[in-house]
Amino acid sequence: ASAQFQLALPVAVVFAPGSVPGDLPRPLPFRDVREMELSVNLRTPVTSRYEMIYRSTTAQEEAALGAATAREADAALHLLQDTSLGSLTMYVVPETSSLLPQGISVYVGKHRSALVRAGGGLAALRTRLQQLTQVMSFTASSITAALSDRVPDDQLGPDARRQLKSSLGYEITFSLLNPDPKSHAVEWDIEGAVNRYVQPVLDKLSLVANFSVDSQILYYAVLGVTPRFDKESSSFLLSTHSLPHVINPVEARLGSSAASLYPVLNFLLYVPERSHSPLYIQDKDGAPVSTNAFHSPRWGGIMVYNVEAPSPQASLPLRVDVDMVRVMEVFLAQLRLLFGLSREELPPEFLLERPGNEGLADWELDRLLWAHTVENIATVSTTLTSLAQLLDKIGNIVIKDDVASEVYRAVASAQSAMAELAAGHLHSAFLASKEAVTSSERAFFDPSLLHLLYFPDDQKFAIYIPLFLPMAVPILLSLAKIVRETRQRKKEPTKMD
């Protein structure tokens, strides 16, 4: 079934003294609602509704904006603003404000607010705010990616298939591949690195899904592609076109995805064997890739970690301590890519605050939730449509009460999620969409429906005929005998005394 999505985004535009444009249509405070049709394909119309509230700063906000730097102002304002998920606050500061560095007109903070330099009239400000809402909430391309199953391929951007599908959980596996343990005794403090670098990101993402993390070391696991030796640099090279062939042989050794209920993200650290060291990955143009790593859409990433050649008198195996800071930097960047959190190209006058050790800003989490909520609702609609088609095909299917109630619950939760989106309540919309997915999956995969799929009419005959035939033979023979005797009796003339 096609659904009409309406995404309402509450935005507060707060003017500091000396920043109010002269051409405001009416005195502050006032509301202004702007609707836009997102150009996603026709089956699923999506409307975005920006609910703007224009007002002046409060005394506390004004004091916070008196901070020395934009970062300090952002931290102080965070304590004062509406922190509900999906809401944005834009602070307009005077053109002469020293808060924003030279040449920067927009500063995006770590939370759900931004600083915008005043300048030009209301039209110029609106254009800037429009750009900002695109950065900090959702865009036509992020919603198109979320609805990728319903959109023709030619309308999808290059990143749409890179992102992981929305799921209730994800499993992350870090693997160290040591193909040459005779030469290298590799040590890595993966537990410490996960606690320090990965866990803060997963804590932030815990609202989106459940995560489990594990790690393993695989010995004698090779890449399955022989690298090319380059005489000039006396190193070995892996070219871009050979990278896809690296994954299959390695994946056979990983063995984690087979038993998993949820999508598995694989992050592999590969220490090349001595006979193929040093090993570098080349990009399309033949230049070495600075991180010496590559990622595979919806699968994970691989990083090649070169070890210095041992001196001739060194005893083997050589002890190698992996620099986890360097490795985790690469893996976290790949994790962001897989969740669609890559920073888009922005105009030069935009400055984005780095999210720090949390790994992602609050507004980036919101971006993810907007996309996942829309995707979840679309998934529920597809699942229930498939279930209805299945029930039409199998005439003798029995729907138990608990299956029926799961279907009703899924429909009610999906409708509730749509209503919450239209009201601008992102958090409750997301939770309702998660509930809808859970119920629709439970209904679709209910064991009472499953065995009927594998039990069509011709199988019934095949099963029951051997059971009833031995009993039926004597019954049929005696029936035939009775019929014969009855006929004989009719033919014989009655004897008269």
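May I ask you to list the aspartates and glutamates whose Cα is less than 14 Å away from that of LYS400, ignoring any residue fewer than eight positions away on the same chain? Output for LYS400: ASP446.
The helix-based estimate of mean residue ellipticity at 222 nm for the chain, built from -39,500 (n - 2.57) per DSSP H run of four or more residues and divided by its residue count, is -12500 deg cm²/dmol to the nearest 500. Note on exposure: GLU171, GLU329, GLU375 ranked by accessible area (1.4 Å probe, complete protein assembly) read GLU329, GLU171, GLU375, with the most exposed listed first. Seen against the Cα atoms of the chain and their longest principal axis, helix 244-254 is set at about 70 degrees. Inter-label distance, ARG196 to GLU492: 10.8 nm, where each label sits 7 Å from its Cα along the C-beta direction. At a probe radius of 1.4 angstrom, the accessible area of segment 364-453 per residue rounds to 44 square angstrom. The fraction of accessible area contributed by carbon and sulfur in segment 364-453 is 60 percent, rounded to a whole number (1.4 Å probe; ligands and nucleic acids excluded).
When HIS241, HIS425 are compared by accessible surface with a 1.4 Å probe, the order from highest to lowest is HIS241, HIS425. Neighbours of GLU329, meaning other residues whose beta-carbon lies under 13 angstrom from its beta-carbon, give a summed charge of +3 when Lys and Arg score +1 and Asp and Glu score -1. Using heavy atoms of the protein chains and a probe of 1.4 Å, the accessible area assigned to ARG228 is about 120 Å².
Listed by chain and number, the lysines placed with their C-alpha closer than 30 angstrom to that of LYS490 are LYS481; residues fewer than eight positions away on the same chain are left out.
When you restrict to C-alpha pairs under 8 Å that are six or more residues apart and normalise by the size of segment 364-453, the relative contact order lands at 42 percent. Gyration tensor over the Cα atoms of segment 169-339: the corresponding equivalent ellipsoid has semi-axes (square roots of 5 times the eigenvalues, largest first) of 27, 18, 15 Å.
Structure note, pairs LYS393/LYS460; LYS165/LYS204; LYS434/LYS460: Cα-Cα distances above 27 angstrom occur for LYS434/LYS460.
SER440 contributes an accessible area of around 0 Å² to the protein surface, as traced by a 1.4 Å probe with all chains present. Regarding segment 308-407, what is the average projected area of its C-alpha convex hull, in nm²? Result: 15.1 nm². Note on the chain: Rg/Rh from C-alpha atoms, Kirkwood Rh, equals 1.18. For segment 364-453, the Cα gyration tensor yields ellipsoid semi-axes of 28, 11, 10 Å (square root of five times each eigenvalue, largest first, whole Å). Computed over protein heavy atoms with a 1.4 Å probe, the accessible surface of segment 169-339 works out to 49 Å² per residue. Directionally averaged projected area (segment 218-280, Cα convex hull): 4.9 nm².
Under the simplified labelling scheme, the ALA185-PHE461 pair shows an inter-label distance of 7.2 nm, with each label point 7 Å from Cα along Cα→Cβ. Local charge for LEU421 was computed over the other residues whose Cβ lies under 15 Å away, with Lys and Arg +1 and Asp and Glu -1, and equals -3. Heavy-atom accessible area with a 1.4 Å probe sorts LYS460, LYS110, LYS393, largest first, into LYS393, LYS110, LYS460.
The label-point distance for GLU232 and VAL483, in a model that sets each label 7 Å from Cα toward Cβ, rounds to 9.4 nm.
The values are calculated or read from the model by the stated rules, or taken from the named source; none is laboratory data. Predicted, not measured: the structure shown is a model, and the values here were computed from it. Virtual Cβ from ideal backbone geometry, glycine too; neighbours counted across all protein chains shown. Ligands, DNA and RNA are excluded from the accessible area calculation, which covers all protein heavy atoms including side chains. Shrake-Rupley method; radii C 1.70, N 1.55, O 1.52, S 1.80 Å.
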